[in-house]
Amino acid sequence: MGCITGETLYVFFLGTSGSLPTVSRNLPAIMVKWGSCDLLFDCGEGTQQQMMRAKCGLSVNSIFISHWHADHFLGIIGLLQTMSFQGRTDDLTIYGPDGVFEIVEDMRLICRNAAKFKFHIERVRVDPGDIISFSGFTVTVLPTDHGVVGVGYLFEEHERPGKFDREQAIVLGVKPGPLFGKLQRGQEVHIQNGDETVTITPDQVLGPPRRGRSILYTGDTRPIHDKLAPYTPKILDLLVHDATFDTNETDRAREFHHSTASDAGIAGTALNAQSLALFHISPRYTSIDAHLKDAARVYTGEVFVPADLSVKEIAFPQ
């Protein structure tokens, strides 16, 4: 996809409301920025303006839609139009569950001038269990239970090389400089030892591989952490979980195929999440205190309700 590998991983919470916007929360949209790669998960109405406010740019590489409820995808129309006006030429891939071909084509027609777009829109249908491979990471498609065809997504960075042993490299005859970088990137190097050419391999100077970072976005769903567990790594850096209602509205959550903050907390514990973001907050709430308390009763990690335009950095674990 033409991305540049980087050591930065940020999550921009562009819209965090559920169903309807409020004066402080826009409709669902999350931007994951990995190096130079920009991945957009859901795209509620007004997302492009949120992207401008967050200063995260409009150069999206791929869009992943969780399901075809309007609050999760209507923003694509305006975003496509703006991309065209700005002269975009890079192809754009939109991933989504059953219906992606027809719905994206409808959106193209609404744009009217789609025939003049200088970029191609690729549509890819996904199903739970699919693994989409990119350079440096994968996106795994997850099951959901929302009463309609829908999916969640797991971003998972590839393993990183182990810690570089600088002293050992010098002992082996490697001089500090560009060769150090090659070894750290997992490439063997060749040095001269008198008349002999010696090959130094990464395993001679690198420790055990280190796990990559991971982010799980459930989309809208009833609690199904038991079905998500087989897909997730042993340690999950960030879980962004449906928490539409607080515990007082558990019956309503079940009726409308959503989760409570307590459900999200239970999932965070079960999936060994280091941080838990309570997402898709119903517009009925003017305070998030109950959500935080409900989740904290069953989850001991970092729990927060992200505000619109807030940013979370996912740092390397080591």
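The values are calculated or read from the model by the stated rules, or taken from the named source; none is laboratory data. Predicted model only: the values in this text are computed from it and were never measured. Because the Cβ atoms are built from the backbone with ideal geometry, glycine has one as well, and the counts that use them run over all protein chains shown.
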Given the conditions (1) surrounded by fewer than 18 Cβ atoms within 10 Å (Cβ to Cβ); (2) touching a Pro at 6+ places or on another chain (Cβ under 8 Å); (3) closer than 19 Å to SER66 by Cα, and given that ARG210 satisfies all but one, which numbered condition is not satisfied? (3)
Selection from the stretch 155-180 of residues farther than 25 Å from GLN192 by Cα and among the acidic types (Asp, Glu) yields GLU156, GLU157, GLU159
Which of the residues that make up the stretch 112-161 are surrounded by fewer than 16 Cβ atoms within 10 Å (Cβ to Cβ) and among the hydrophobic types (A, V, I, L, M, F, W, C)? ALA114, ALA115, PHE119, VAL124, ILE131, VAL148, VAL149
Of the conditions (1) over 17 Å from ASP308 (Cα atoms); (2) touching an Asp or Glu at 6+ places or on another chain (Cβ under 7 Å); (3) touching a residue at least 60 places away in the same chain (Cβ under 8 Å); (4) not hydroxyl-bearing (Ser, Thr, Tyr), the single one that PHE279 does not satisfy is (1)
Going through the stretch 184-234 in order, the residues found to be outside any loop (DSSP other than H, G, I, E, B) and under 30 Å from GLY96 (Cα atoms) are SER214, ILE215, LEU216, TYR217, HIS225, ASP226, LYS227, LEU228, ALA229, PRO230, TYR231
Limited to the stretch 164-180, what total is found for residues that are exposed (fewer than 12 other Cβ atoms within 10 Å of the Cβ) and part of a helix (DSSP H, G or I)? 3
Test of understanding: among LYS182, LYS234, LYS227, which residue is over 23 Å from PRO306 (Cβ atoms) and touching a Pro at 6+ places or on another chain (Cβ under 6 Å)? LYS227
For the stretch 213-234, pairs from a residue that is over 19 Å from SER275 (Cβ atoms) to a residue that is modelled with pLDDT under 95, with Cβ under 7 Å and 6 or more apart or across chains, are none
